[in-house]
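The structure under discussion appears below in the form of structure tokens.
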Amino acid sequence: MISMSEVIEKLQNHLKSDFGEGRFARDRRIFVRVGAGSIKEAFRYAVQEMGFDHLGTITGADLGADLEVVYHLVERGRNVLSLSTRVPKEKAVVPDVSDIVPSAAIYEREVRELLGINFEGLQGASLLLLPDGWPDGTYPLRKDQSFGMLKEIKLKKG
Amino acid sequence: MGYASTIKVPFGPQHPALKEPEHFLFEVDGDTVVNVTLRIGYVHRGLEKGFELETYNHGLYLAERVCGICNIAHTVSYTQVVEELMGVQIPPRARYIRTIVAELERLQSHSLWVGIVAHEAGFDTLFMYVWRDREAIMNLFEELTGGRVLHAINTLGGVRRDITPEWETKLRKGMDSFEERTKDYLRIVNSERTFLKRTSGVGLLSPQDAVKLCAVGPTLRASGVKEDVRADDPYIAYDEIPFNVVTSESGDALARTVVRVEEMMESIGMIRYALDHMPSGTIKVRPPKIAPPGEVLSRAEAPRGELIHFGRSNGSAKPERYKIRSPTLANIPALCKTLIGVHVADIPIILAGIDPCFSCMDRMAIVDRRTGEKREIEK
Amino acid sequence: MIVYDLFFLLVFPGILFLLCLAFFTEWVDRKFFARIQNRYGPLYTGPSGILQPLADFVKLLSKEDIVPRAADRALFTLVPIFYVTLPLTALFIMPIMGETGLIAFEGDLIFLLFVFGLMTIIIFLAGWSSMSRFSIIGGVRSALQMLSFEIPLGIVLIGPAIAAKSLSISGIVQWQSANAAWGLWLQPIGFVVLLTCLLAELELIPFDIPEADTEIVAGWRTEFSGRKLAMFRLGRDLEVVLCAALAASLFLGGAQPLWLIPPAVVFLVKTIAVVLLFSFIRSLFARFRIDQVIAGMWKYVLPIAIVQIVLIELGVGV
């Protein structure tokens, strides 16, 4: 059973460069940020070799200039690791991880529809949450979309 | 035009088997399901964006209205996130009251579910009996909190109302009679032949699949995986109250029923223990208006499974980002797996098996005008 | 006399009486079913809610009658009419007033079997003509269910006929009254099998798969509304009366005079008793799946029915 600081250390050693920062604010909660290039490897390492094999959810966030993706991984019965990475808005591409954890697909689709992050390799281009005819390029959860603007959306017909 | 060998049977968005709208499209060959595609988002209300618009206090109202049946789990999670962001410690008595109310909610939710599954199986008599007994819990809730369904008892910094000795007596009596009835339901569910025929061996989910597809809650525990957020990641008063994590080995609809009924028995025990060991003191502290920058992830065991709230603050009075992942969404991949290869008649029972709460599942805002146009969508 | 005949045909024990009886049995069933489930059942319309079925019927008559665009109009309109008239016609052969039915002839038992078969075909056509996914599945399930209970039903109905040496229901009733014996204790196995098959015929729980509302909305009845639905509900009540009367006549002695009590009253009591039995069984069980019904019927019910016939041939219960 490894401690939280050991978790951070192991990830850091495994990724060497591209490791952003790691910290924990309280018991059983670890927050680690890595660079976008190694997020998939960090994810794979955490899931397959460190025992964080339960994917809680995937959060997307709009940070202004960047978009962030946070993978919440649970080590069954113990710690929760929130693994995050940032990508610029103009080139918001993150690798798809559903080949490692199948249920990632449903969370990735939600983030893709609502924030516009492109998950490279994700199957299925169809909409999950948004209604048919939703205009492309309008991502409701981005900060530049206000409720007023969303109210005015007219769905495409046909 | 060729002769189609499979029929596409739509389940939803309006369907008597679904209490809330979602769209499942089943491809059926004869009486067997060969494929399932899914479309969600019919009760999307824009809550995650809504959190960003108003203060943390306002967010409490939003969090409560994510779901009617598991509203306490959501408010517990929410208050935990915000209280941790603000660095607020709630008094011990408040933690115990929250635990009692959360377990009462579990009782109410599970008994609702037993009724639903009985109804889906055509066993209306059990459905009527269980819901009649559930009324006792609703009345208890109304006396304590003022509301039968939405309770609004959790507030930032503690709880809003205290437990009076009169209510405690009523609660104890209520628990005694409810325990008698629950023992009866356990017996019925395990021995009624026609019910067994409809649920035994139906909707099998192996432990390996359950773990691989990240299922949560009773669905996971019915496949034999011993995981429960209350035991693994204790919150409110769960680290001080002993209880058993109920599992079952069979992984079918019957197992899910039995697990939930036995969890009801455990909840009754937990409520009694909490009442016996209730600390005295205040029930509320005053939280600050502003939360310093930070991010907090809170997990709770809602009646349907693991509930995740993730909040981030930027030092102002409004949240920067708030994310909710409810258990029903986590169970959807497992659900789709169990639906392949079953009879059409088993679909409602399997759907009910994960205890779907679709209003929990779609939370994000789309305030839009729907055209009402629906088409076949591939996954 | 023509006047008497018309009276019998139209009023008692004819159409008017039968319709009232249909509504009455629906009320009995709903009230009993509700009481077992700790509910009130119909309460407000009329004393103790006794007018509720009539109220429902009248309300449905006034509702909008929607015909789906893809439906086969002719069939769609004809099916409800047949669904009412078939059981009504079959009820004329039941002995109600006395030990002879209004219409009695040798072989009217076979005629009844034929009517049962026709009813299932009508149900299948109802589902088919609606051209809706749910209706078609419901109609198919109904037909499948008939395939499973038809044969045991036929076998078990012949039992009393063999004993009474008559293929007329009136003849069987007369034989029971003449020998002061009821089919119930002469052929108890047959009675149990008959009840099972009648439950399947009436599509009551545990055999209500064709209209399982939690799976396929309302099955073959999904697309019907307004007057057509009113006809279906009425036809269903008449069918319940028909099946209950059949069980009462063949196994419980039917309309026999009992001391000073007129046979009609005796008939009523026995029929209502069977209806209560149906309701009771309805409240006890969950719903079977169609493959379980077919398997169960062929693997268990049919052999038991055959055992009953063998017993009769050996002289037991004659």
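For this structure, a couple of remarks:
- Residue within segment C:131-139 that is under 25 Å from C:MET297 (Cα atoms) and out of contact with any Asp or Glu (no Cβ under 9 Å at 6 or more places or on another chain) present: yes
- Qualifying position, being open to solvent by 50 Å² or more (accessible area, probe 1.4 Å) and within 21 Å of B:TYR42 (Cβ to Cβ), among A:LYS91, A:LYS154: A:LYS154
- Looking only at residues in segment A:126-149 that are under 17 Å from A:GLU110 (Cα atoms) and among the hydrophobic types (A, V, I, L, M, F, W, C), the one that is nearest to the other protein chains (Cβ to nearest Cβ) is A:LEU129.
- Of residues in segment C:121-142 being at pLDDT 85 or above and open to solvent by 30 Å² or more (accessible area, probe 1.4 Å), the one farthest from the chain's Cα centre (by Cα): C:TRP128
- C:ALA181 being modelled with pLDDT of 85 or more and either in a helix (DSSP H, G or I) or not β-branched (Val, Ile, Thr) (or both): no
- Check on B:HIS110, more than 14 Å from chain C (Cβ to nearest Cβ), more than 30 Å from C:PHE134 (Cβ to Cβ), part of a helix (DSSP H, G or I) and without any contact (Cβ under 8 Å) to a residue 12 or more places away in the chain: no
- When B:ILE100, B:ILE90 are screened for being more than 13 Å from the chain's Cα centre (by Cα) and closer than 24 Å to B:PRO288 by Cβ, only B:ILE90 passes.
- Residue match in segment B:297-311 (condition: open to solvent by less than 10 Å² (accessible area, probe 1.4 Å), among the acidic types (Asp, Glu) and more than 10 Å from chain A (Cβ to nearest Cβ)): yes
- Residue in segment B:127-138 that is in a helix (DSSP H, G or I), in contact with a Gly (Cβ under 6 Å, 6 or more places away or on another chain), hydrophobic (A, V, I, L, M, F, W, C) and more than 22 Å from B:GLU262 (Cβ to Cβ) present: no
- Within segment A:21-42, tally of residues that are within 16 Å of the chain's Cα centre (by Cα) and open to solvent by less than 50 Å² (accessible area, probe 1.4 Å): 9
Per-residue answers, yes or no, for (1) at pLDDT below 90; (2) surrounded by fewer than 21 Cβ atoms within 10 Å (Cβ to Cβ); (3) under 29 Å from B:TRP131 (Cβ atoms); (4) of a type in the set (Lys, Arg):
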site	(1), (2), (3), (4)
B:VAL9	yes, yes, yes, no
B:LEU18	yes, yes, yes, no
B:PHE24	yes, no, yes, no
B:GLU52	yes, yes, no, no
B:VAL101	no, no, yes, no
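- Residue within segment A:53-66 that is buried (at least 18 other Cβ atoms within 10 Å of the Cβ) and more than 9 Å from chain B (Cβ to nearest Cβ) present: no
- Residue within segment C:186-200 that is open to solvent by 20 Å² or more (accessible area, probe 1.4 Å) and within 14 Å of chain B (Cβ to nearest Cβ) present: yes
- Options B:SER200, B:SER177: the member that is small (Gly, Ala, Ser) and at pLDDT 90 or above: B:SER177
- Residues of segment B:21-68 that are farther than 19 Å from B:LYS323 by Cα, touching an Asp or Glu at 6+ places or on another chain (Cβ under 9 Å) and not in a strand (DSSP E or B): B:GLU22, B:ASP31.
- Count - residues of segment A:49-69 that are small (Gly, Ala, Ser) and in contact with a Lys or Arg (Cβ under 6 Å, 6 or more places away or on another chain): 1
- Considering segment A:67-110, the residues that are among the basic types (Lys, Arg) and facing another protein chain (nearest Cβ under 10 Å) include one that is nearest to A:GLN123 (Cα to Cα), namely A:ARG109.
- Boolean, C:LYS63 is among the basic types (Lys, Arg) and surrounded by fewer than 18 Cβ atoms within 10 Å (Cβ to Cβ): yes
- Being at pLDDT below 85 and either in contact with a Cys (Cβ under 6 Å, 6 or more places away or on another chain) or open to solvent by 50 Å² or more (accessible area, probe 1.4 Å) (or both) holds for only one residue in A:ARG86, A:ARG78, and it is A:ARG78.
- Count of segment C:184-202 residues, restricted to those that are within 20 Å of C:LYS165 (Cβ to Cβ) and outside any helix (DSSP H, G or I), is 1.
- Against the numbered list (1) in a helix (DSSP H, G or I); (2) among the hydrophobic types (A, V, I, L, M, F, W, C); (3) surrounded by 20 or more Cβ atoms within 10 Å (Cβ to Cβ), C:LEU118 comes up short only at (3).
- Residue identified as closer than 30 Å to C:LEU109 by Cβ and either in contact with a Pro (Cβ under 8 Å, 6 or more places away or on another chain) or in contact (Cβ under 8 Å) with a residue 60 or more places away in the chain (or both) among C:PHE267, C:PHE224: C:PHE267
- Those residues of segment C:143-169 which are over 18 Å from C:ALA181 (Cβ atoms), part of a helix (DSSP H, G or I) and among the aliphatic types (A, V, I, L, M), in sequence order: C:ALA143, C:LEU144, C:MET146, C:LEU147, C:ILE151, C:LEU153, C:ILE155
- Residues in segment B:148-194 that are among the hydroxyl-bearing types (Ser, Thr, Tyr) and touching a residue at least 24 places away in the same chain (Cβ under 8 Å) were compared, and the one that is most open to solvent (accessible area, probe 1.4 Å) is B:SER177.
- Yes/no for A:ARG86 being touching a helix residue (DSSP H, G or I) at 6+ places or on another chain (Cβ under 8 Å), charged (D, E, K, R) and closer than 23 Å to B:ILE332 by Cβ: no
- Applying a threshold of 8 Å to beta carbon distances and a minimum spacing of six or more residues, or different chains, the list of pairs starting in segment B:42-55 at a residue that is touching a residue at least 60 places away in the same chain (Cβ under 8 Å) and at positive phi and ending at one that is open to solvent by 20 Å² or more (accessible area, probe 1.4 Å) and assigned to a loop (DSSP other than H, G, I, E, B) reads B:GLY46/B:VAL367.
The values are calculated or read from the model by the stated rules, or taken from the named source; none is laboratory data. Just so it is clear, the model here is predicted, and its values are computed rather than measured. Here Cβ is always computed from backbone atoms with ideal geometry, including for glycine, and neighbour counts include all displayed protein chains. Just so you know, the surface numbers come from the protein's heavy atoms only, side chains and all, with ligands and any DNA or RNA stripped out. Shrake-Rupley method; radii C 1.70, N 1.55, O 1.52, S 1.80 Å.
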